Amino acid sequence: MNLLVFEYATATGIQDHSILIEGKSMLEALLHDLREFKPSYLICEKFHHLIDYPNPIILQEDLYSWIREHASEFDATLFIAPEENMELYKLTRLLESKHVKIMGSASEAVLICSDKLRTYNALKGKVPLIETYETDDIKFKGKMVVKPVDGVACQGIKIIESSEELEKVMASSDSRMILQRFVEGEAASVSLLSNGKTALPLSLNRQYIEYNNGKLEYNGGITPFKHEMAADALLVAKKAVESIDGLRGYVGVDLILSDKIYVVELNSRITTPYIALRKLIDINLGKAIIAAVNGKIPRGWSINGVAEFKKGKNSMKIS
C-alpha cells in the first residue's frame, strides 16, 4: 500500500505555537506506528527540520493545490486536520474525489461531526446531551457556554451569563456560534476504534481544561482516567459513535461527567490522547486504525499503566 500521511498544522505552516505542538506530536506518533508501511508524509518547507523521519514531501505550495495535483499517486491516506472552517470535511471530500482510500471517516460523517449543531440533532434522543441552542433562540438561565459551531478543542469557547455578554462575543467573532447550558463536572474524552458499524471504546481520558478570564484552554490530560463513571462513559461514547453512519478508524468523544454523562461533541479524527495511549496499549494503534477502516476490530488488547500528557515549551510531555 502506497500510504500518504499528513497533519494539518505541520503541512500548512500554522503559526499558533500551541496547535503546532499538538500537531507535531501526533504526526511523529503516527509515523512511528505506521513505519512498517513506509509512508510518505507532507511537511511544509519551514517546518521540515522539526520532523526526522524518512520519506518527507516538503511542501512549497498550498496543501490543497498539492493534493489536487498529486493525491491520486497514492492508494490511501491517513491524515489529521481540524474541524475549524470545515477543513477536515473539505480535505476528506477532496481526497475522496481523487479516489484515495481514506483511513478514517467518510465525508458525510465528518460533516455531521464538524458542525456541533448537526451533531446535536443527529444524537438527540440517542445519548444524553447538553441543551444546545442557536444564538437567537435562548433565554438565559444562569451560566451558558458560547462556542463556534465548527470549533476545535477549546478555541473560541467562552462562559457567559447575560445577553449583553453574548452580544459582545458575537460582535468580536466572525464565526457562526451556538450556546449550551453550562454543566459543572469532570471534562473527559473517550478514544475509540470503529469499523463503521461497531465501535470499540479503548480508554476514558481525563482532560485538563483551564478557565481563565471567561475562556477555556485545553492543556492535555491523563489516560486512562480512573473514575467511578468510567464503564458507563465508555458505553455512552460507543452508542454515540454507532449512531452516526460512516464513522471509521479512530474517533474521539468529548464528555462531561456530572449528575450523568453528557456527550459534548464527536471528533472524527485522531485526537491528542493518541500520543499517550499508544505507549500503554499492547497493540500497534496506527495499524489498528487501518485494520478498523478495513472492517477488523481488535478482539484482545490491554492497557498497562497510566500516562499524563501536557503541553511543554516545545513539545507534548508524556510521563
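Exposure proxy for Y211, Y133, Y89: other Cβ atoms within 10 Å of each Cβ, ordered fewest to most, give Y211, Y133, Y89. Each of T271, T10 has some number of other Cβ atoms within 10 Å of its Cβ, and from fewest to most they run T271, T10.
For the chain, the mean residue ellipticity at 222 nm estimated from helices alone is -8500 deg cm²/dmol, where every DSSP H run of n ≥ 4 contributes -39500 (n - 2.57) and the total is divided by all residues, rounded to the nearest 500. Counting every other Cβ atom within 10 Å of each residue's Cβ, V241, V149 order from fewest to most as V149, V241.
Considering only L129, Y250, Y211, and ranking their Cα positions along the charge dipole of the chain that arises from unit charges at the beta-carbon of Lys, Arg, Asp and Glu, the one farthest toward the positive end is Y250. Here the calculated FRET efficiency for R181 and H49, from their Cβ-Cβ distance with R0 = 51 Å, stands at 0.65, rounded to the nearest 0.05. Fully extending the segment from M170 to K279 would add 35.1 nm, taking 0.36 nm per residue of separation and subtracting the current Cα-Cα distance. Between S315 and K287, how high is the FRET efficiency from 1/(1 + (r/R0)^6) when r is the Cβ-Cβ distance and R₀ = 25 Å? Nearest 0.05. For S315 and K287, the calculated efficiency is 0.55. In a reduced charge model with +1 at each Lys and Arg Cβ and -1 at each Asp and Glu Cβ, the chain shows a dipole moment near 860 debye about its Cα centre.
Most simply put, the chain has about 80% antiparallel DSSP beta bridges, counting only bridges with both residues inside it. Given the pairs K238/K287; K116/K260; K38/K310; K24/K260; K126/K147, which are separated by over 32 angstrom at their Cα positions? Too far apart for the 32 Å limit: K24/K260. Charging the Cβ of each Asp and Glu at -1 and of each Lys and Arg at +1, and nothing else, the dipole of the stretch 183-318 about its Cα centre rounds to 680 debye. Put simply, the Cα atoms of the stretch 3-103 extend 33, 32, 22 Å along their principal axes, the longest span coming first. Shown here is the pair-distance distribution of the chain: with all Cα-Cα distances grouped in 20 Å bins from zero up to the longest one, the shares run 33, 60, 7 percent.
No lab work stands behind these numbers, since they all come straight from the coordinates. Please read these numbers as outputs of a predicted model, since none were measured by experiment. Every residue, glycine as well, gets a Cβ built from its backbone with ideal geometry; the counts of neighbours run over all protein chains shown.
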